[in-house]
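Working notes, structure below.
Read the figures in this text as sums done on the coordinates, not as results from a lab. Computed from a predicted model, the values in this text were never measured in an experiment. Note: ideal-geometry Cβ built from the backbone for every residue, glycine included; neighbour counts use all protein chains shown.
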Amino acid sequence: PRERIERPPFPSPRMFDLNDAHWTLFVRHRAGSLEAAVERARRFNLALSLAVLALLAASIALIVISARRAEELAQRQMTFVAGVSHELRTPLSVVRAAGQNLADGAVVEPEQVKGYGSLVEREGRRLSHIVEQILEFAGVQSGRQIYSPRLVSLEATVEAVLEESRGLLESREFDVEIDFPKNLPKVNVDPGALERAIQNLVDNAVKYGA
């Protein structure tokens with residue numbers, strides 16, 4: 001028969017006193033205590049929320065600024081269109097009136113016909129200058145304006161502009177005085193741009209001068 005092996009009895013359960021323990025186990029999160037982890041998470045969420053709010057505020061500010069700039073640009077464009085329309089109306093009216101008089105036979109004398117022809121030619125050239133100014137403005141705005149500078153006489157340019165504006169100056173009863181220094185050198189500029197600039201000065205003097 002097999003030999004019976006008696007096992008020692010299991011120890012009876014009992015409560016251990018921590019004061020009698022030989023070691024103590026501490027469990028701690030890598031981020032620190034639970035309170036510290038919660039506080040850190042709260043600060044991170046708060047910072048993230050503030051960043052999102054700041055981004056939204058900056059976006060709203062940019063939208064408002066863009067809207068105001070677009071409104072100002074639209075207003076300037078309307079002002080520009082109104083000014084151009086006013087500038088075009090005067091020479092067109094003169095050309096139409098002269099053409100109507102010629103068509104109706106109101107002008108029969110050769111000298112009068114010649115004067116009307118000069119008037120139509122002068123106002124037509126003025127219309128061409130206005131159109132060139134508009135095209136030049138559009139080219140400057142788009143960055144595609146190209147100038148061709150060369151040596152130009154200021155005196156000859158001013159006299160040419162005054163000759164073209166002679167009818168307008170006489171109709172408004174303006175007196176023009178020309179005083180050029182002696183031996184005035186030529187300037188290296190674009191002739192068309194210089195002529196349009198002087199023409200603008202003359203037109204503004206007629207329009208706003210007393």
Can you compute the modelled spin-label distance between residue 77 and residue 172, with each label point 7 Å from Cα toward Cβ, in nm? 3.0
Counting other Cβ atoms within 10 Å, which trypsin sites (Lys or Arg not before Pro) in the range 152-210 have at most 15 and lie in a DSSP loop? 172, 182, 186
Between residue 23 and residue 43, take the C-beta separation as r, use R0 = 30 Å, and let me know the FRET efficiency to the nearest 0.05. 0.25
Which value, in Å³ per residue, describes the convex hull spanned by the Cα atoms of the range 72-210? 158
Could you give the radius of gyration (one decimal) and Dmax (whole number) of the Cα atoms in the range 57-136, in Å? 21.6, 76
Sparse-neighbourhood loop hits (GluC sites (Glu not before Pro), the range 93-123; DSSP loop; Cβ within 10 Å at most 12 others) -> none
Take the Cβ-Cβ distance between residue 184 and residue 148 as r, set R0 to 30 Å, and report the resulting FRET efficiency rounded to the nearest 0.05. 0.85
Please identify the chymotrypsin sites (Phe, Trp or Tyr not before Pro) of the range 106-210 that satisfy two criteria: DSSP loop assignment and at most 14 other Cβ atoms within 10 Å. Which are they? 147, 174
Which whole-angstrom value gives the distance between the alpha carbon centres of the range 34-109 and the range 154-194? 37
Net charge (Lys, Arg +1; Asp, Glu -1) of residues whose beta-carbon lies under 13 Å from that of residue 174, residue 174 excluded, is -2
In whole Hz, the Karplus estimates of ³J(HN,Hα) for the range 157-170 (6.51, -1.76, 1.60; θ = phi - 60°; x where Gly or Pro) are 5, 5, 5, 5, 5, 5, 5, 5, 9, 4, x, 5, 5, 5
For the range 25-88, the percent of all C-alpha pairs falling in each 5 Å bin, from 0 up to the bin holding the max distance, is 3, 14, 9, 10, 7, 7, 8, 6, 7, 5, 5, 5, 3, 3, 3, 2, 1, 1, 0, 0
Cα pair distances exceeding 18 angstrom across the range 144-210, given as percent: 44
